[in-house]
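Q: Quick one: the structure is below, and I'll ask about it shortly.
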Amino acid sequence: MTLHLRTPLTRIASSLVFAGALSSAAAASPPGGAILRVHVTSAVRSIDGTCVLIHQRHEQGGTVLYFLTSAHLFEDAGPHRVRVKLNAWETIDVAADGMFVPASTPGEIAILRAVTKTGAYAGLVTVPIAFDPPATGDVFVVSGLDPAGARATSAQRVLFSGAQFLIGDRPPADLHDCAGAPALLPAGVYGLVSECGSGLPPVVSLLSPARAFIADHVPGWDASPSRTTQYEVVWRDTAGPVLTVACDDVRTGAVQVPVQMMPRQTLVDATAEFTSPQSLRLGDVIVDGVMDHAVKVRFTMVGVPPPLTKDPGAVCPQGQALVTIKATLVQWP
C-alpha cells in the first residue's frame with residue numbers, strides 16, 4: 001500500500017503544480033567558493049546578476065581572476081561597464097577587454113577577466129567545473145545570493161533535460177538577481193542559470209557546449225575533474241505516527257511528520273508510504289508539503305468490513321498503518 005509523491009512529468013508547466021510539495025528553504029551552510037553579485041551597465045539599462053569564480057592565475061605584478069556569468073546580462077548593445085561586487089562597499093572592475101561573450105552558440109555564458117593586485121583577494125576560492133550534467137530526476141543545487149547579499153541556495157530536481165539546457169522543478173524563491181548563478185553538482189558547477197524569477201523554476205544553460213570557449217579564454221585553466229566535493233545527496237527513512245481507522249469506516253486527514261536532520265543538512269523533498277498495514281481495505285498517503293524540518297502528508301484510510309458471522313461477540317478489527325517518510329537531503333561539507 002504505497003503511493004509515491006512523484007509521477008512521470010512530461011510537461012514543463014507541471015512543475016508549478018508540484019512546487020508546493022517541495023522544500024524551498026535556503027541551506028544553512030552553502031557550498032564554498034566565490035559566488036558574487038555582478039553589476040552590468042549599458043547605455044540603456046543597469047542590471048544585476050550573479051557570477052562564479054572558476055580560475056585564478058598569478059602573474060608578475062598581479063593576479064588574474066576569471067568569472068563565469070550569464071550572457072543575458074549583455075544583451076544590450078555595448079559598451080558595457082562591469083563590476084563584481086565583493087560586498088556592499090568593495091568592487092572589482094572588469095576592463096572592456098576582459099569581457100568575453102560568444103557571438104553565437106554557445107551563447108548563454110560569458111567570461112569575465114579582472115586583473116587585481118597580488119594577494120588583494122586571497123580569500124576568494126574557485127569553484128571547479130563538472131561538465132557532465134545531471135539526468136532527469138536527479139538532484140542539483142543552485143547557489144546564489146539573497147536580497148541582502150548573503151549566500152542562499154535552492155535544491156532542485158531536473159524536470160526537463162535537453163542538449164543545451166535543463167529546467168529545475170521549483171522556483172528558487174530565496175535567490176535574488178540569479179541570472180548567472182551556478183548550478184552545482186557534488187563535483188562542481190555544470191551550468192549557469194539563464195532564466196529565473198516570476199515564480200517559475202530556473203532554466204540552466206549547460207557548460208558542456210562551451211567547453212572549448214572556456215578553454216580558449218581562460219589560460220591555465222585545469223579541465224581535469226575535481227577531487228573536492230561541493231555537497232552530498234543522502235537519504236533517510238523516518239517513521240511517523242501510527243494512524244488508525246474504525247472497522248468499515250473511512251478516515252481522511254493530514255499529519256505533520258518531523259524529520260531529524262544532522263547539522264549542515266537541508267531537506268530537498270520526500271515521498272510517503274503506509275508500512276505494516278493491518279486490517280485495512282484501502283490506505284493511501286501523499287506528501288502535501290515539505291518544510292525546513294518536517295513533511296506534511298494527507299491520507300485516506302478505509303477499514304475492513306465487519307466479520308461475516310452471526311456471533312454477537314465477534315470483534316470488528318480496527319485498521320492501522322505506520323506512516324513512513326523517505327526523505328532526500330543535501331549534506332554540506
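Q: Scan the stretch 134-188 for residues that are under 12 Å from the mean Cα position of the chain (by Cα), under 19 Å from Leu36 (Cα atoms) and among the hydrophobic types (A, V, I, L, M, F, W, C) and report the count.
A: Looking only at that region, the number is 10.
Q: Count, please, the residues in the stretch 160-184 that happen to be in contact with an Asp or Glu (Cβ under 8 Å, 6 or more places away or on another chain) and assigned to a strand (DSSP E or B).
A: Residues flagged as in contact with an Asp or Glu (Cβ under 8 Å, 6 or more places away or on another chain) and assigned to a strand (DSSP E or B) within the stretch 160-184 amount to 1.
Q: Say we look at the stretch 123-136 and pick out the residues that are out of contact with any strand residue (DSSP E or B) (no Cβ under 6 Å at 6 or more places or on another chain) and touching a residue at least 24 places away in the same chain (Cβ under 8 Å); which of these is surrounded by the fewest Cβ atoms within 10 Å (Cβ to Cβ)?
A: Ala135
Q: Also, quick follow-up: Just to be sure I understand, how many residues within the stretch 89-102 are assigned to a loop (DSSP other than H, G, I, E, B), under 29 Å from the mean Cα position of the chain (by Cα) and either within 18 Å of Ala215 (Cα to Cα) or at pLDDT 90 or above (or both)?
A: Going through the stretch 89-102 one residue at a time, the tally reaches 2.
Q: Follow-up question, since we're still on this one. Looking at Phe67, Phe100, which one is of a type in the set (Phe, Trp, Tyr) and either assigned by TED's automatic domain parsing to the domain that holds Thr271 or surrounded by 20 or more Cβ atoms within 10 Å (Cβ to Cβ) (or both)?
A: Phe67
Q: Based on this model, can you work out whether Val44 counts as over 26 Å from the mean Cα position of the chain (by Cα) and either over 21 Å from Ala122 (Cα atoms) or modelled with pLDDT under 85 (or both)?
A: So Val44 fits the description; yes.
Q: Is at least one residue of the stretch 192-215 under 27 Å from Val115 (Cα atoms), in contact (Cβ under 8 Å) with a residue 60 or more places away in the chain and in contact with a Cys (Cβ under 7 Å, 6 or more places away or on another chain)?
A: Checking the stretch 192-215: at least one residue is under 27 Å from Val115 (Cα atoms), in contact (Cβ under 8 Å) with a residue 60 or more places away in the chain and in contact with a Cys (Cβ under 7 Å, 6 or more places away or on another chain).
Q: Any residue at all in the stretch 279-298 that's in contact with a Pro (Cβ under 8 Å, 6 or more places away or on another chain), more than 18 Å from Pro241 (Cα to Cα) and not small (Gly, Ala, Ser)?
A: Within the stretch 279-298 (the criterion being in contact with a Pro (Cβ under 8 Å, 6 or more places away or on another chain), more than 18 Å from Pro241 (Cα to Cα) and not small (Gly, Ala, Ser)), the answer is yes, since at least one residue qualifies.
Q: Continuing with the same structure: May I ask you to verify whether Arg83 is assigned to a strand (DSSP E or B), basic (Lys, Arg) and modelled with pLDDT of 90 or more?
A: yes
Q: Is it true that His58 is in contact with a Lys or Arg (Cβ under 8 Å, 6 or more places away or on another chain), surrounded by fewer than 21 Cβ atoms within 10 Å (Cβ to Cβ), modelled with pLDDT of 50 or more and not aromatic (Phe, Trp, Tyr)?
A: no
The values are calculated or read from the model by the stated rules, or taken from the named source; none is laboratory data. Keep in mind it's a predicted model, so treat the numbers as computed, not measured. No Cβ is skipped: glycine too gets one built from the backbone with ideal geometry, and neighbour counts run over all protein chains shown.
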